[in-house]
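K.L.:
Below you'll find the structure I mean.
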Amino acid sequence: AWYVPCLASLETLQELCRKENLRCKSIGITNRSLKSYEVEYLCDYKVEEGKAYYLVKWKGWPESSNTWEPRKHLNCPLLLQNFLRDKNEYLSRVREGKALKVKNHVKALKPAIADYIVKKAKQRIALQRWKEELNRKKNHKAMILVENTVDLEGPPLDFYYINEYKPAPGINVLNGITTGCECADCPAEKCCPKEAGFILAYNKRKKLKIQPGLPIYECNSYCRCGPDCPNRIVQKGTPYSLCIFRTNNGRGWGVKTLQKIKTNSFVMEYVGEVITSEEAERRGQLYDNQGNTYLFDLDYDSDEFTVDAARYGNVSHFVNHSCDPNLQVFNVFIDNLDLRLPRIALFSTRTIKAGEELTFDYQMKGSIDLTSDSAEGLSPSKKRIRTVCKCGAVCCRGYLN
């Protein structure tokens, strides 16, 4: 047996049931709840005979069931606050930032204002659902928030959150490693990095101590050491709460940290579909025309595979480029020692303040302390159409490629 997951929200399904006068216990529509009412958002405002009324959208009911309710019947201060804020936001934008004078004697809102308020309410609900979905799917403890105070853009329609590589058919991202270190207290003489011919990547404070271009070998699932091993950093996932936010300068979505991040700290992995370089070339032509940059070559040892985070990815999908970035890319090997298929980890290059946007150089050729010419082999796929850079850095090169 097989099934297709329902993409409709619970409220949408409830609306359909109520519209058709159907009962469905599994989604909460029973004889008792069939006539239950809860305010979902406020749509409009008017004054009649000196009394204020709000047009109410009822949760789980179709819009055809919207009703005008007097202010005294509404026990929803947060929704009233959102309504007034959205109204003032629309008016201030129309007046291009001029001093806002809200008239207290308005008897009805203009249709354009009411339309904006409804769209903003629907966006708020959609972003809240998206945030809940992201936090259900993530495999790390830190929270993911979503914020858009710039426009009416909602969640991306064709993006699916994943925590690890999604290999294309025929590609094996796990090479069947069957051995690990025997250290009782890592790092010992024969710990994983030394067995691979490299030094331990982290210091005693679990901060990065190697230069770009050098690989990171972490202890794996067959190692004797436990989860508190100082050589298990990337595999534990993002340790910081992050916020996906809408940028105000035309760069789409971005990511900012909600916590202070110290220099040389692991921030997140770059994950997506693992595809062949030939397939990446085909997709790259399409992405070029769209102005997207989601292809990342796994060319540490060869140029055979590419990570495509366009449709499948994690928070890193939304990290923007900067010619003066605060994140640096490193190749990581844990349960897969295939040099053609490293995991891609992003580490901080300096102290990052809470609320600051996270960025990395799509060419990996920045002028920061941690960058070097040896990092050139980590660059994303070369583009055929030049994409204008909007990073705003003093040292901006003008183009992403």
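K.L.:
State whether one or more residues within region 21-40 are open to solvent by less than 50 Å² (accessible area, probe 1.4 Å), on the phi < 0 side of the Ramachandran plot and modelled with pLDDT of 90 or more.
P.N.:
Yes - at least one qualifying residue is present in region 21-40.
K.L.:
Here is a further query. Take ASN172 and decide whether it is more than 24 Å from VAL255 (Cα to Cα) and not small (Gly, Ala, Ser). Even if it seems obvious, please write down each step before you answer.
P.N.:
On the way: more than 24 Å from VAL255 (Cα to Cα): yes; not small (Gly, Ala, Ser): yes.
When the stated conditions are applied, ASN172 passes them.
K.L.:
Name the pairs whose Cβ atoms lie under 7 Å apart, with the first residue in region 60-85 and aromatic (Phe, Trp, Tyr), the second modelled with pLDDT of 95 or more and open to solvent by 40 Å² or more (accessible area, probe 1.4 Å), and 6 or more positions between them or separate chains?
P.N.:
Close Cβ pairs (under 7 Å, with a partner that is modelled with pLDDT of 95 or more and open to solvent by 40 Å² or more (accessible area, probe 1.4 Å)) amount to TRP68/TYR53.
K.L.:
Quick one: count up the residues across region 46-68 that are polar (S, T, N, Q) and more than 39 Å from the chain's Cα centre (by Cα).
P.N.:
Going through region 46-68, the residues polar (S, T, N, Q) turn out to be 64-67.
Filter once more, keeping what is more than 39 Å from the chain's Cα centre (by Cα): none.
Total meeting the criteria: 0.
K.L.:
Within the bounds of region 112-123, is there any residue that is at pLDDT 90 or above and exposed (fewer than 12 other Cβ atoms within 10 Å of the Cβ)? Even if it seems obvious, please write down each step before you answer.
P.N.:
Residues of region 112-123 at pLDDT 90 or above: 112-123.
Checking which are exposed (fewer than 12 other Cβ atoms within 10 Å of the Cβ) leaves us with 112.
For region 112-123, residues at pLDDT 90 or above and exposed (fewer than 12 other Cβ atoms within 10 Å of the Cβ): present.
K.L.:
Of the conditions (1) part of a loop (DSSP other than H, G, I, E, B); (2) more than 26 Å from LEU10 (Cα to Cα); (3) not polar (S, T, N, Q), PRO193 clears all except one; give me its number.
P.N.:
Single failed check for PRO193: (1).
K.L.:
Here's something else I'd like to know. Take the residues of region 134-159 that are of a type in the set (A, V, I, L, M, F, W, C), part of a loop (DSSP other than H, G, I, E, B) and open to solvent by 30 Å² or more (accessible area, probe 1.4 Å): which is nearest to THR238 (Cα to Cα)?
P.N.:
Here is the first cut: in region 134-159, the residues of a type in the set (A, V, I, L, M, F, W, C) are 134, 142-146, 150, 152, 157, 159.
Among the residues that remain, those that are also part of a loop (DSSP other than H, G, I, E, B) are: 142-143, 150, 152, 157, 159.
Checking which are open to solvent by 30 Å² or more (accessible area, probe 1.4 Å) leaves us with 143, 150, 152, 157.
Numbers: MET143: 9, VAL150: 27, LEU152: 29, LEU157: 24 Å.
Filtering first and then ranking leaves MET143.
K.L.:
Could you list, in sequence order, the residues of region 282-308 that are free of Cβ contacts under 8 Å to residues at least 60 places away in the same chain and either touching a Gly at 6+ places or on another chain (Cβ under 6 Å) or open to solvent by 40 Å² or more (accessible area, probe 1.4 Å) (or both)?
P.N.:
Across region 282-308, the qualifying residues are ARG282, ARG283, LEU286, GLN290, ASN292, TYR294, ASP301, ASP303, GLU304, ASP308.
K.L.:
Are there any pairs, at least 6 apart or on different chains, whose C-beta atoms fall under 9 Å, with the first in region 46-57 and open to solvent by 70 Å² or more (accessible area, probe 1.4 Å) and the second in a strand (DSSP E or B), and if so, which?
P.N.:
Partner pairs satisfying both residue conditions: GLU48/TRP68; LYS51/PRO70.
K.L.:
Right, here's the next one. For region 207-234, how many residues are open to solvent by 20 Å² or more (accessible area, probe 1.4 Å), in contact (Cβ under 8 Å) with a residue 60 or more places away in the chain and among the charged types (D, E, K, R)?
P.N.:
Counting residues in region 207-234 that are open to solvent by 20 Å² or more (accessible area, probe 1.4 Å), in contact (Cβ under 8 Å) with a residue 60 or more places away in the chain and among the charged types (D, E, K, R) gives 0.
K.L.:
Kindly indicate whether CYS17 is hydrophobic (A, V, I, L, M, F, W, C), surrounded by 15 or more Cβ atoms within 10 Å (Cβ to Cβ) and more than 31 Å from the chain's Cα centre (by Cα). Explain how you work it out, then say what you get.
P.N.:
Values: hydrophobic (A, V, I, L, M, F, W, C): yes; surrounded by 15 or more Cβ atoms within 10 Å (Cβ to Cβ): yes; more than 31 Å from the chain's Cα centre (by Cα): yes.
Answer is yes for this residue.
K.L.:
Which pairs have Cβ atoms under 6 Å, sit 6 or more apart or on different chains, and link a residue in region 330-353 that is assigned by the TED database to the domain that holds LEU258 to one that is of a type in the set (Gly, Ala, Ser) and open to solvent by 60 Å² or more (accessible area, probe 1.4 Å)?
P.N.:
Note: pairs meeting the criteria are ASP335/SER221.
K.L.:
Right, ARG251: among the basic types (Lys, Arg), within 26 Å of the chain's Cα centre (by Cα) and assigned to a loop (DSSP other than H, G, I, E, B) or not? Give the steps one after another, and end with the answer.
P.N.:
Values: among the basic types (Lys, Arg): yes; within 26 Å of the chain's Cα centre (by Cα): yes; assigned to a loop (DSSP other than H, G, I, E, B): yes.
When the stated conditions are applied, ARG251 passes them.
K.L.:
Working only within region 179-194, note down all residues that are more than 24 Å from LEU346 (Cα to Cα) and over 34 Å from the mean Cα position of the chain (by Cα). Walk me through it before giving the result.
P.N.:
Of region 179-194, the ones more than 24 Å from LEU346 (Cα to Cα) are 179-185, 188-190.
Correct list: THR179, CYS181, GLU182, CYS183, ALA184, ASP185, ALA188, GLU189, LYS190.
K.L.:
Please give the number of the condition GLY237 fails out of (1) at positive phi; (2) open to solvent by 30 Å² or more (accessible area, probe 1.4 Å).
P.N.:
(2)
The values are calculated or read from the model by the stated rules, or taken from the named source; none is laboratory data. As the structure is a computational prediction, the values presented were derived from the model and not from experiment. Ideal geometry is used to build each Cβ from the backbone, glycine not excepted, and the neighbour counts take in all protein chains shown. Only protein heavy atoms, including side chains, enter the accessible area calculation; ligands, DNA and RNA are left aside. Shrake-Rupley method; radii C 1.70, N 1.55, O 1.52, S 1.80 Å.
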